[in-house]
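Take a look at the structure set out below.
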Amino acid sequence: MTNTKDLLKKAANGERLTPAEGLKLYTEGDPEALMEVAHEIRLRKTDPKVVTYLVDRNINYTNACTTDCQFCSFYRVPGHPEVYVISRRELGEKIEELLAWGGTRILMQGGHNPDLRIEWYEDLLRWLKATYPEIELDCFSPSEIENIALLEDMSMEDVLERLQRAGLDGLPGGGAEILDDAVRARISPKKTKTAAWLHAMRIAQRLGMVTSATMVIGFGETMEQRVASLTRLRELQDESLAAHGNGFTAFIMWTAQLSETNSLGRSRHRHKYGADYDEYLHTNAFARIYLDNFTNFQASWPTQGLETARRALYAGANDFGSTMLEENVVSQAAAYTQREPRMSVYRLHEQIRLAGFEPAQRDSRYNIVRRFDRVMTAEELAPRPIPTRLADLREPIQLTPG
Ligand code: SF4
């Protein structure tokens, strides 16, 4: 087979690498050279001066879950005293804070709560759309959709169509971890299998929703399994772009966050798990090269910290993610967000400029919302209070316990 320098040249010329070529480049190529080529490709495919970001908020609507993933520190089993389901008032207050920051979207996800039926989700989405029509609703993940489909004895297609009619704009790519069933059987045996994860995304893309692709490394998976996971994403992207032109908007990867608060972190095999910052940057660069049909790659400051996220902007990433405003999932393990749970817009600008780029605010489809051709002050980027829309709110009667 061709040597890794020729493979890099091939990729730099815009030619696709086969899975076997990809594996060789990933395992034998010089990581620094991969990062250089990944950066070249990024500069060619997206505005070379600009790094984009989103003003959004992560909201976790429930922590009840029956799926027991070994890497998860967030969930509580149904019946546990710490189980919660978010109230509309709390949700509304969070969104109003986001609006004050100039935010445009919420990313709302939760556990697989067996007490929440599809009508609960529909009512919530309808209320959100009616109350905050300017906010994009990117909610749930393929595994939550599968959970609702199983509870209701419906197809995932019917679930997604109903939720879309109720106001769902996008299906974020959470829960992909490694798209390889041998890995999934080991770390999350009750969770969505590879084919179902991809199928949920296939449907969401056909319905015109915003979708993203993710990968988490550090579960003791092999390099072959990582490449296979990326190959499956690349194939679905080809299929969706050819069929209707709506594929994944972005690829986002991070490393498994292990701590004493999750089973993998407590495992006596813990030394086999996890991945360091260099491996993160190397893998991000490889993904930029290998996923030749993706345009946008996000750096993950919440898991990797600011310095590594800035370095990722030279390893294939063109986007700095989002403000998040809160993070409750990886923060329960050892993520950077334990130290800095929210990022102000000013701080995002500061990081992007420190890395040598111009910040630009985008929406979830990566359309530019606002450009900044000069350095903005903290005062100019501070939140502006807005009038509440919750004055007449009456909480609906709970359909289910929670
Ligand atoms: S990762 Fe999601 S599905 Fe798995 S246990 Fe945590 S909340 Fe449940």
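Points worth noting:
- Residues that are among the small types (G, A, S) and touching a strand residue (DSSP E or B) at 6+ places or on another chain (Cβ under 6 Å) were ranked within the stretch 249-278; the one that is surrounded by the most Cβ atoms within 10 Å (Cβ to Cβ) is A256.
- With respect to the conditions (1) farther than 30 Å from L354 by Cβ; (2) within 16 Å of the ligand (Cβ to nearest atom); (3) not polar (S, T, N, Q), R88 falls short on a single one, namely (2).
- Enumeration of residues in the stretch 175-202 that are part of a loop (DSSP other than H, G, I, E, B) and farther than 19 Å from S240 by Cα: G175, E177, I178, D180, S188, P189, K190, K191, T192, K193
- Qualifying residue in the stretch 24-33 (condition: within 16 Å of the ligand (Cβ to nearest atom), in contact (Cβ under 8 Å) with a residue 24 or more places away in the chain and not charged (D, E, K, R)): no
- Within the stretch 66-84, one or more residues are within 14 Å of the ligand (Cβ to nearest atom) and touching a Leu at 6+ places or on another chain (Cβ under 8 Å).
- A single entry from R117, R186, R165 fulfils the requirement of being surrounded by fewer than 21 Cβ atoms within 10 Å (Cβ to Cβ) and within 16 Å of the ligand (Cβ to nearest atom): R186.
- Entry remark, the stretch 233-247: residues being surrounded by fewer than 18 Cβ atoms within 10 Å (Cβ to Cβ) and either under 15 Å from A287 (Cβ atoms) or not charged (D, E, K, R) (or both) number 7 in total.
- Hits in the stretch 203-220 (condition: over 19 Å from S155 (Cα atoms), in contact with a helix residue (DSSP H, G or I) (Cβ under 7 Å, 6 or more places away or on another chain) and part of a loop (DSSP other than H, G, I, E, B)): F219, G220
- Filter pass, R270 being basic (K, R) and either modelled with pLDDT of 95 or more or in contact with a Lys or Arg (Cβ under 8 Å, 6 or more places away or on another chain) (or both): no
- The stretch 254-287, subset of a type in the set (S, T, Y) and under 20 Å from the mean Cα position of the chain (by Cα), residue farthest from R76 (Cα to Cα): T283
- L168 meets all of the listed conditions (1) modelled with pLDDT of 95 or more; (2) out of contact with any Cys (no Cβ under 7 Å at 6 or more places or on another chain); (3) within 28 Å of L99 (Cα to Cα) but one, namely (2).
- Only one of the numbered conditions (1) free of Cβ contacts under 8 Å to residues at least 60 places away in the same chain; (2) more than 16 Å from the ligand (Cβ to nearest atom); (3) outside any helix (DSSP H, G or I); (4) buried (at least 17 other Cβ atoms within 10 Å of the Cβ) is not met by D138, and that is (1).
- Taking the criterion of being touching an Asp or Glu at 6+ places or on another chain (Cβ under 7 Å) and over 25 Å from N318 (Cα atoms), the residues of the stretch 222-269 that qualify are Q225, R266.
- G110 satisfies every condition listed in (1) within 16 Å of the ligand (Cβ to nearest atom); (2) surrounded by fewer than 16 Cβ atoms within 10 Å (Cβ to Cβ) except (2).
- Among the candidates A360, A333, A355, residue that is at pLDDT below 95 and either more than 16 Å from the chain's Cα centre (by Cα) or surrounded by fewer than 21 Cβ atoms within 10 Å (Cβ to Cβ) (or both): A333
- Across the stretch 35-58, a minimum of one residue is classified as buried (at least 19 other Cβ atoms within 10 Å of the Cβ) and within 16 Å of the ligand (Cβ to nearest atom).
The values are calculated or read from the model by the stated rules, or taken from the named source; none is laboratory data. As the structure is a computational prediction, the values presented were derived from the model and not from experiment. Note: ideal-geometry Cβ built from the backbone for every residue, glycine included; neighbour counts use all protein chains shown.
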